[in-house]
Amino acid sequence: MDATPQRSALTRFNPAQPGAAGMKVAATGLLVLMAALFAVTRALEPRYPWLGFVKAFAEAAMVGGLADWFAVTALFRHPLGLPIPHTAIIPRNKDRIGEALANFIRENFLTPSVVARRMRNIDVAGAAGRFLQTPAGEGTRIRAGASRLIADVFESLDDERLGGIVKGAVATRLRKMEVSPLLGHALASAINEDRHVPMLEAAIRWMARALDANEPLIREMVHKKANWVLKLAGLDEKLADAIVDGLRKLTVEMSTDPAHPVRIKVEEALAQLANDLQTRPETRERVETLKEQLLDNRSVSLWLDALWQKGREAIIRAARNPDAVLAGKLGEVMRSMGGTLESDPRIRTAINQFARRAVVGMSASYGSSIVKLVSETIRSWDAGTVTTRLESAVGRDLQYIRINGTIVGGLVGVAIHALDTL
C-alpha cells in the first residue's frame with residue numbers, strides 16, 4: 001500500500017509556508033527566555049540596581065509576547081481550550097467568511113462592467129494566434145493536455161447514442177433546409193464560370209465507354225426488332241453498324257467540338273434546370289419530395305452512420321497524435337491562421353469583441369451561480385480543516401508577529417522604566 005498521505009482538496013489552495021514550525025518554536029522559546037530573564041533579574045535586582053532596566057525589558061516583553069500569542073491563537077482556536085468570548089474567530093465565522101469572499105468575488109470580478117473593463121486589456125486573438133503558430137516542441141504541455149481531453153471525451157461518450165444525436169441533428173437540419181434553391185444557384189454558378197465543362201466531358205467519355213461495352217447488346221436489339229425482310233436481305237447487320245457508328249461518331253464530335261448542337265442543347269437544358277430549381281414551384285416541390293425520400297432511405301441512414309464513425313475516428317486519431325497532425329497540411333493551415341490572427345487588425349478586433357461579449361454575457365448569466373458555488377463550497381468544508389490550512393498558509397508571518405510583539409513590548413517597558421527613574 002502506498003504510504004504517501006492523501007492530500008486534501010484544500011492543500012493546493014492553502015500551501016503551508018516553509019519554516020512555520022521552526023518560527024513557532026522560536027517565538028515560544030523567546031517568550032520562555034523572557035520569563036526566565038525576568039525571574040533572574042528580579043532576584044538579583046537588589047544587589048545590582050542597574051538590572052532594573054533588564055527586568056523592565058523582560059517583564060514588558062512577556063506581556064507583549066503573551067498578548068500577541070493570545071491574539072494569534074484566538075484567530076483559530078480557544079486559547080488553552082477555554083471558551084473565552086470572541087476567540088476561535090475563523091471556525092465560528094467560517095460561513096460568514098465564505099459569504100464575504102463570495103460577495104468580494106462577485107463585486108470585484110463577476111460584475112459585467114468589471115469583466116468588460118478587464119477584458120479590454122486581454123488580446124484573445126493574439127494569444128490564439130501565437131498558440132497556433134507555436135512550432136512542434138514548444139507549448140506541447142497545453143497542446144497534449146487539450147488533445148488528451150478531446151480524445152478521452154470522444155472515447156468515453158456513448159458512441160451509439162452520440163452518433164444517433166449527430167445523425168438526427170444532420171437529418172433534422174437537412175429536412176428544415178430547402179435544398180432546391182441551393183442546388184440551382186450552385187449549378188448556375190458552375191455554368192457561368194464554365195466549371196460544368198469537365199463534368200460534361202466526363203459524361204461524354206462515359207457514354208463512349210458505355211457504347212463500346214454494350215455494342216453486342218445494341219446489335220442484338222436491332223436484330224430482334226428487324227422484320228424478316230431486313231434479316232433475309234442482311235440489312236439488319238448494316239442497320240446495327242450504322243447505329244453504332246453514328247453513336248460513336250456523335251460522342252467523338254461532342255467531345256472535340258464545344259459548339260456541337262447536341263452539346264449546346266445539353267448546356268441549355270442544364271441552364272433551364274438551374275433556373276427551374278430556383279424559381280419553378282413544381283420543380284422545387286419534386287426536389288424536396290426526393291430529398292425526404294432519400295433521408296428516409298435505409299441506405300442513407302447507414303451512410304450517415306459510416307460518415308460519423310469515420311469523423312469520430314479521425315478526431316480521436318488526430319487528438320492522440322497532435323504533433324503528427326500539425327506537421328502536415330493541417331499544421332500549415334493552423335499556422336497560417338495564427339499568422340492571420342496576429343497580423344490582421346480587423347480580424348483581431350472582431351474576435352476580441354466577440355470574446356469580450358461572450359465572457360461578459362457569461363458573467364451576467366452565471367455570475368450568481370459561481371458566487372453561490374463558492375459560498376456553498378466553503379460552507380461544506382470542515383471547520384477544523386479550514387482552520388489548519390489557513391494557519392499553515394500564514395503560520396510563519398503569525399509567528400513573526402509574536403516575536404515582534406515580544407521585542408516591541410520589551411523596548412516599551414525599558415522606555416517606561418527609564419522615564420520612571422528620571
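The values are calculated or read from the model by the stated rules, or taken from the named source; none is laboratory data. These numbers were taken from a predicted model, which means no experiment stands behind them. Because the Cβ atoms are built from the backbone with ideal geometry, glycine has one as well, and the counts that use them run over all protein chains shown. Each accessible area value is taken on the protein alone, full model and side chains, heavy atoms only, with ligands, DNA and RNA left out. Shrake-Rupley method; radii C 1.70, N 1.55, O 1.52, S 1.80 Å.
Listed by first and then second residue, the pairs with beta-carbon distance under 7 Å, at least 6 apart or on different chains, first residue in segment 207-229 and exposed (fewer than 14 other Cβ atoms within 10 Å of the Cβ), second among the β-branched types (V, I, T) and at pLDDT below 75, form an empty list. Quick check on segment 367-422: of everything there that is touching a residue at least 24 places away in the same chain (Cβ under 8 Å) and not in a helix (DSSP H, G or I), which residue is nearest to L75 (Cα to Cα)? Among those that are touching a residue at least 24 places away in the same chain (Cβ under 8 Å) and not in a helix (DSSP H, G or I), it is V394.
Any chance segment 285-292 includes a residue that's among the aliphatic types (A, V, I, L, M) and either at pLDDT below 80 or surrounded by fewer than 12 Cβ atoms within 10 Å (Cβ to Cβ) (or both)? No: zero hits.
Being open to solvent by less than 40 Å² (accessible area, probe 1.4 Å), modelled with pLDDT under 70 and part of a helix (DSSP H, G or I) is the filter here, so list the residues in segment 326-349 that pass it. Listed by number, the residues that qualify are L326, G331.
Are any of the residues in segment 69-88 closer than 25 Å to D420 by Cα and over 50 Å from the mean Cα position of the chain (by Cα)? No: segment 69-88 contains no residue that is closer than 25 Å to D420 by Cα and over 50 Å from the mean Cα position of the chain (by Cα). Filtered by the rule that a residue be assigned to a helix (DSSP H, G or I), among the aliphatic types (A, V, I, L, M) and out of contact with any helix residue (DSSP H, G or I) (no Cβ under 7 Å at 6 or more places or on another chain), segment 67-86 gives A71, L80. The residue that is least open to solvent (accessible area, probe 1.4 Å), among those in segment 385-408 that are at pLDDT below 75 and small (G, A, S), is G395.
Every test in (1) open to solvent by less than 70 Å² (accessible area, probe 1.4 Å); (2) within 30 Å of A56 (Cβ to Cβ) is passed by L411 save one, and that test is (1).
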